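We did not get these values from a lab; they are worked out from the coordinates using the rules stated. Everything numeric here is computed off the predicted structure, so don't read it as measured data. Methodologically, a virtual Cβ is constructed for each residue, glycine included, from the backbone with ideal geometry; neighbour enumeration extends over all protein chains shown.
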Amino acid sequence: MIPIRACKTALVATIAMFFSLVVFGNLTDYASNWAFVHHVLAMDTIFPDSTLRWRAITDPALQRAAYALIIATEAVIAAWLWLAVWRLLRALRGEGFHAAAGFAAIGLTLGFLLYTLGFVIIGGEWFAMWQSASWNGQQKAFGFLTMIGIVLVVLLLPEPGRAGP
């Protein structure tokens with residue numbers, strides 16, 4: 001049972017590291033990622049004849065607030081997942097592992113929601129990011145969703161001889 005728990009813990013740690021590096025990148029290369037958020041919200045690179053442009057947010061203060069919210073959410077997810085990893089490691093041999101796995105599932109779900117709601121639904125559909133040849137992050141978002149989703153599913157798989165977390 002310990003090897004399975006160690007594998008689950010390592011997978012959660014990988015996603016915690018991913019979110020940590022995303023936050024680090026957003027803070028240390030603020031301008032690159034800011035450009036992405038700016039263009040998606042401004043909708044200035046979508047189809048020229050699109051009738052959806054009324055949805056655009058062009059106020060730089062609102063754009064920066066949205067970017068700050070994204071970074072803050074990513075930071076909360078990273079911190080939550082690192083705390084979950086710590087809890088999983090402490091419970092590798094005990095009954096508390098299932099409770100720790102539930103705690104980790106919350107962090108993974110938050111990450112899944114960020115990319116689904118924030119990037120696929122709001123960015124992709126509301127701000128028509130799919131129409132932009134240069135600022136379309138949907139493919140990356142789906143890659144991140146796949147990675148997070150697989151870890152969430154593996155984490156929630158029952159251990160041999162147990163009903164699950």
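Odds and ends about this structure:
- Exposure proxy for Tyr115, Tyr30, Tyr67: other Cβ atoms within 10 Å of each Cβ, ordered fewest to most, give Tyr30, Tyr67, Tyr115.
- Per-residue ³J(HN,Hα) for segment 80-89, Karplus 6.51 cos²θ - 1.76 cosθ + 1.60, θ = phi - 60°, Hz, x for Gly and Pro: 4, 5, 5, 5, 5, 4, 4, 5, 5, 4
- Structure remark: mean-square fluctuation, Gaussian network model of the chain, C-alpha springs under 10 Å; the largest value among Ala31, Ala141, Ala128 belongs to Ala31.
- Sorted by Cβ neighbour density within 10 Å, fewest at the top, the residues Glu74, Glu95, Glu159: Glu95, Glu159, Glu74
- Pairs of Cα atoms in segment 2-156 fall into 5 Å distance bins, from 0 up to the last occupied one, in shares of 2, 10, 17, 19, 16, 12, 9, 7, 4, 3, 1, 0, 0 percent.
- Mean projected area in nm² (Cα convex hull; one quarter of hull surface) for segment 1-65: 6.8
- Per residue, the average separation of C-alpha pairs within less than 8 Å and at least 6 apart gives the chain a relative contact order of 32 percent.
- Taken one residue at a time, the phi angles of segment 50-62 give Karplus couplings (6.51, -1.76, 1.60, θ = phi - 60°) of 5, 8, 8, 4, 4, 7, 4, 10, 10, 5, x, 5, 5 Hz. Gly and Pro are set to x.
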